[in-house]
Structure formats: structure tokens, C-alpha cells
Amino acid sequence: MGRSYLFVPFLFNTFIMSKTKYIFVTGGVTSSLGKGIISASLAKLLQARGYSVTIQKLDPYINIDPGTLNPYEHGECYVTDDGAETDLDLGHYERFSNVPTSQDNNITTGRIYRDVIEKERKGEYLGSTVQVIPHITDEIKYKVKFLGNKGDYDIVITEIGGTVGDIESLPYIEAVRQMRWEMGHNCVVVHLTLVPYLAAAQELKTKPTQHSVKTMLEQGVQPDIIVCRCDRHLTRSLKDKIALFCNVSVSAVIESIDAETIYDVPILMREEKLDIEVLKKLQLPYDTQPDLTMWEEFLRKYKNPSMDICIGLVGKYVELRDAYKSISESFIHAGTSNDCRVNVKMVHSEAIEEDGVEGHLADLDGILVAPGFGERGIEGKISAIKYARENKIPFLGICLGMQCAVIEFARNVLDFQKANSTEFNTKTPFPVIDMMEEQKKISGLGGTMRLGNYKCRLNKGSLAYNTYHADEIQERHRHRYEFNNEYINDFEKGGMIRTGINSQGNLAEIIELKGHPWFVGVQFHPEYKSTVASPHPVFVSFVDAAKKYHIKYTGDKKQSCDDTDKNDSQHEQKD
Ligand code: GLN
């Protein structure tokens, strides 16, 4: 009895400890080298060899999550099924791997400290002085291993945000050092660094890489694999030099050359054998070939579209490449599945307010009005919707875009003058969009919206039903305001119909317009669920409608699609 009592927990621990393998991805020299894409591409390759993989991002800032950051600070805020407001890299992880992420896939310094302080208050460290080492580093390690154990994954890839050498990253690199020491070959470190080309010397330079590896060594971590971001090929002698200076074998120096599209990166990493190098280090078998047939087929179709169409994206962050990341990626997936290239023309909603719609929206094959918060640019969005409605141009309104479609219809079809959302005018005589009852009691702004997956029933025969081919769907939300059901009869009589209704309550999740070829407003965010393997049906159907519109009306007319509205410098307000 005594023996087995001791033996069972020992076996159990060994099982937990050795089952999952851990890969850390760190960055050196500069930010924006594409750690997220490298992590997602590595996950794709490992998955294609049959391993179950999840990817986690550790963000060294003090916000609890990026939900309260504006897009100028941090690009798009991505939302998971379980309602976490997360870093946009999680969007890449899902789009590449087709596996949903969760709260546990994005951890910030704020969350680590909050959880440690809560434990301290509960008395969990009674008697000890609570310190960065071991308490903060233990919490970091716990959150990494928790994900591995929870999801029953073969491999967890953990991307460490920021750049080695940053003050904020120190506890994370220390946690990596400890995990490598504890786990031996069950843990590897991939370091992504920059090998810049100096025009004056006409040479690629390895010194920044040497320095960033030295910085890691000072913190006790020897990277196992060095991925070198460069704009031209690394010669064998450069790889030798990096290997020599950074204590790795030459096969562990991987070239990551600038790619035509992020979706090329898994293929490039396969050619460079990044996956093999990682598996060798983790002592896992690597004799099979990764099956990327579907991925290659996607790339082939993406690069050889049979036609081009042009869709306008009306928003107020058009100058920020990352603000509408998931929407632009969804267009790539949906375009490819429709055998066409969707060129997205970014249209500044305030520019529409200044110049009128015609100059900005004429000749487009479809119009999407973006999600957002705050009053800035709202009237421009409403004018764009009026134009799409009256000219029967395919229209998709997402979240705020749907709410603006409701306001536009109230004002211009139902003649509810000054109709508005109470987000923008609390005294409007027609509050057609209003705050949800539960929201009125909430005071804080972090994590307090309607967030994550909600079920929605679809009306048979509606465009939505024919798009999803399902009675009930689940989509991700992120908002405080809703369609005000007091007005539902007026809207339905006028021709704007609720075709998707929240399964628990009576909330309008989808609206459509009778007599219009394709006019859909969704209170949720379809863009968060579109992946390469599974393009989102709403985007697929919208692009299909835009394609038909193009063939019927636009044809060979010249479209000014590359022409993102330039006059944005005066719109620098941060909301
Ligand atoms: N501002 C709106 C709300 O909170 C819409 C939010 C959004 O577009 N994500 O309801």
C-alpha cells in the first residue's frame, strides 16, 4: 500500500512533465520581425506531421489585456471563443493552425502580477517575501505548462513579445532559462533576429545577431535555433559565421527571407528545415514528410486568381496596417475560395464626411463598414451605407457597421429624424441602438463588454440561413450596444429584417434588407473565425455577391483600388 501510494504520484508527475514539449520563440535586435508568423508557420509544419500544437503569446506589458488599448497602440484586438481580448498574433495562430485559442493563450505581465498578488492576499505564500524570482517566474512557468496540460497538446509554442534586452522581458527570459534547465531536451529556444543589408557596404551584416545572442547568453539562455530575417539570401559563409559566433550548428541557422505573402512562410520554413531542426532538438521523430497539400493548393489559387474585384473598407484607422488585420485576412481566404483577388480600398470615414461619397465609393464592387468605438467618423459611415443601400452595392456591416446600417435605415427610410445610437447621442429622440441592460450597471471598461461566443438562431429562407446552411450558429462578439427591440416592428414593416436572433435572449444579431441583392449587418465579428482551412461563410458569400456585381456592372471600368485615402494626417485623434 505504502509503496504504491508513493509510486502513483511519481508516475503521474512524470507523465505530466514529459508528455508535452515546449518551444519558446524569442526576438532580437528589433520588434516587428514576424515572431507571430514564424511561430504560426512552425505550428503549421508540426501539425502537418501529425503533432497537436497550440501557440501562446506572453506580452510583457502591464495592461491585463489589450482590450483597453486603441488600435494606434497595438493594432487590432482579437477575440477568442471564450471571450478573451487578446493580441492580434492569436489571429495568425488560428488562421494558420485552424485550432481555436483561449484566455490561456495570451498572458500579460499585468495578469501575472495580478494573479501573484491575489495569491499573496489569500495567504498562499504565507511567511515568504514575494519576489520576481521565484514567484513571478513560477507563475510564468505555471501559465506555460498549464496550457500544455490543459489541452493535451504534444507541443506548446510560446512566443515571448518584445525584444531580448528590454527591461520588461527579463522575468520571461529567466523563466525560459529555468524551464530549459528543468526540462532538458523537452524544451527548445528559437531566436528570431535581424540580418540587415547595409547598402553602403553592399553586405548582409551579422553583428546585430551576434549581439542579441550575447544578450540572451548574459541572461543564461543559449538559443538552440537562430532564425535570421533578411531581405536577400544568406550565403553559406554567413550561416557559418552566425553558427560560429552564436554556438549553434550550421543546420540550426535558418534563413527567413522576406516573403510575397505571410502564407508563403510555412513553405519557406519547410525548405529551410526549421521543423526538422526543432524535432531533432526535442528528440521527436522527423522521418515523415509534412503534408501541406491543402496549404499549397490554397497558395496556388491565391496567387493565380481568375479576376480582380475591389471592395471598400470604410473605417477610421485606414492608415494603420494592423487595425483591421482579421478583416483583410478574411478577404484573402474568401477571395481565394471564390477564385478571385479582393483588392481592399481603405476609405477614411471622415474623408467621406468632408468630400461626399461619390469620389470615394464610385466603382466599388462591395462596401464593408468596419467595427469601431466612438463618434469620430460615424456620419461618413452612415453616408457610405446609404450609398450602398440606394445603389444596391453588396454591403457588409460588422458590429458598429451593422449599428450604423440600422441608424441609416431609421433616418432615411423610416424618417426617424436624428435617430442614433446612445453611444453617440444619449438624448436622441430615436435610440435605435441602445446599451444592453446588463451593461448599464457596469462601471469599469476592461473586459466588460459582451465578449466571445454566443449562439444565434437563423431564420429559414434568409440570406444568412442560405449562407451558413445551419439553424444555429456561434459567433464571437465584442460590444456594449445592441439593436433596440422597441423599434423592431417599424423596421420589419419598412423592409429591414432581423434574420439572426440570439438563442438565449431576443437580441438581433443579423439584419438584412428586403429587395437588395446582398445587404447584411452582423452584430458579431465573423472575421475572427475565418481561417485558411475554413474561410468564413459570411465573407465567402459577400465576396461572391461582389464578384457578381463586378461582372454585371463594373466590368472593365478602371477601379482605383490601390489608392488608399491619403488625406488622413488631419485625423490623428486617438479614439
Ligand atoms: N461601439 C459599438 C458597441 O460597443 C460597436 C463595437 C464594435 O464595433 N466592436 O456596441
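The values are calculated or read from the model by the stated rules, or taken from the named source; none is laboratory data. Note that the structure is a prediction, hence the values are computed from the model and not measured. Virtual Cβ from ideal backbone geometry, glycine too; neighbours counted across all protein chains shown.
Brief remarks on what is shown
- Residue under evaluation I64, criteria (1) closer than 19 Å to T448 by Cα; (2) crowded, with 21+ Cβ neighbours inside 10 Å; (3) at pLDDT below 95; (4) not basic (K, R), criterion not met: (2)
- If you filter region 501-538 down to residues that are assigned to a strand (DSSP E or B) and within 16 Å of the ligand (Cβ to nearest atom), you find that the one that is surrounded by the most Cβ atoms within 10 Å (Cβ to Cβ) is G521.
- Test: residue in region 346-356 that is of a type in the set (S, T, N, Q) and within 16 Å of the ligand (Cβ to nearest atom): yes
- Per-region count, region 226-263, residues closer than 18 Å to C187 by Cβ and surrounded by 19 or more Cβ atoms within 10 Å (Cβ to Cβ): 4
- Only listed residue being surrounded by fewer than 18 Cβ atoms within 10 Å (Cβ to Cβ) and either touching a residue at least 24 places away in the same chain (Cβ under 8 Å) or assigned to a strand (DSSP E or B) (or both), chosen from P223, P208: P208
- Residue match in region 453-463 (condition: assigned to a helix (DSSP H, G or I) and away from the ligand (no atom under 14 Å from the Cβ)): yes
- Members of region 469-500 that are under 26 Å from the mean Cα position of the chain (by Cα) and within 22 Å of I385 (Cα to Cα): H477, R478, H479, R480, Y481, E482, G500
- Selection from region 444-466 of residues that are of a type in the set (K, R), closer than 30 Å to G67 by Cβ and more than 21 Å from the chain's Cα centre (by Cα): K455, R457
- Any pair with Cβ under 9 angstrom, 6 or more apart, that starts in region 421-433 at a residue that is more than 17 Å from H479 (Cβ to Cβ) and ends at one that is at pLDDT 95 or above and within 9 Å of the ligand (Cβ to nearest atom): T428/S421
- In this entry, N391 passes the filter for residues that are surrounded by fewer than 24 Cβ atoms within 10 Å (Cβ to Cβ) and under 30 Å from D544 (Cβ atoms).
- Scan of region 293-322 for residues that are in a loop (DSSP other than H, G, I, E, B), at pLDDT 95 or above and either of a type in the set (A, V, I, L, M) or surrounded by 13 or more Cβ atoms within 10 Å (Cβ to Cβ) (or both), ordered by number: P305
- The lone criterion from (1) touching an Asp or Glu at 6+ places or on another chain (Cβ under 9 Å); (2) surrounded by fewer than 20 Cβ atoms within 10 Å (Cβ to Cβ); (3) over 19 Å from N502 (Cβ atoms) left unmet by A410 is number (2).
- Filtered residues of region 434-490 (kept if in contact (Cβ under 8 Å) with a residue 60 or more places away in the chain, within 26 Å of R111 (Cα to Cα) and of a type outside the set (A, V, I, L, M, F, W, C)): G446, G447, G452, N453, Y454, R476, H477, R478, H479
- Condition check for G372: touching a residue at least 24 places away in the same chain (Cβ under 8 Å), within 12 Å of the ligand (Cβ to nearest atom), surrounded by 22 or more Cβ atoms within 10 Å (Cβ to Cβ) and not in a helix (DSSP H, G or I): yes
- Residue list for region 381-394, restricted to those being more than 12 Å from the ligand (Cβ to nearest atom), touching a residue at least 40 places away in the same chain (Cβ under 8 Å) and either outside any loop (DSSP other than H, G, I, E, B) or on the phi < 0 side of the Ramachandran plot (or both): A384, A388, R389, I393, P394
- Test for V342: is it farther than 21 Å from P517 by Cα, at pLDDT 95 or above, in contact with a helix residue (DSSP H, G or I) (Cβ under 6 Å, 6 or more places away or on another chain) and buried (at least 24 other Cβ atoms within 10 Å of the Cβ): no
- Scanning region 548-572 for residues being modelled with pLDDT of 60 or more and either in contact with a Pro (Cβ under 9 Å, 6 or more places away or on another chain) or polar (S, T, N, Q) (or both) gives a total of 5.
- Positions within region 323-365 being assigned to a loop (DSSP other than H, G, I, E, B), over 19 Å from the mean Cα position of the chain (by Cα) and of a type in the set (A, V, I, L, M), in sequence order: V357, A362, L364
- Subset of region 464-491 (residues that are within 18 Å of N506 (Cβ to Cβ), polar (S, T, N, Q) and part of a helix (DSSP H, G or I)): N485, N489
- Residues that are within 16 Å of the ligand (Cβ to nearest atom) and not β-branched (V, I, T) within region 400-409 comprise L400, G401, M402, Q403, C404, A405, E408, listed in sequence order.
- Every listed requirement among (1) near the ligand (Cβ under 10 Å from one of its atoms); (2) assigned to a loop (DSSP other than H, G, I, E, B) is met by G397 save one, (2).
- Of everything in region 421-452 that is within 13 Å of the ligand (Cβ to nearest atom) and assigned to a loop (DSSP other than H, G, I, E, B), the residue that is surrounded by the fewest Cβ atoms within 10 Å (Cβ to Cβ) is L445.
- Of all residues in region 300-334, those satisfying the criterion of being under 14 Å from D365 (Cβ atoms) and out of contact with any helix residue (DSSP H, G or I) (no Cβ under 6 Å at 6 or more places or on another chain) are P305, M307, D308, C310, L313, F331.
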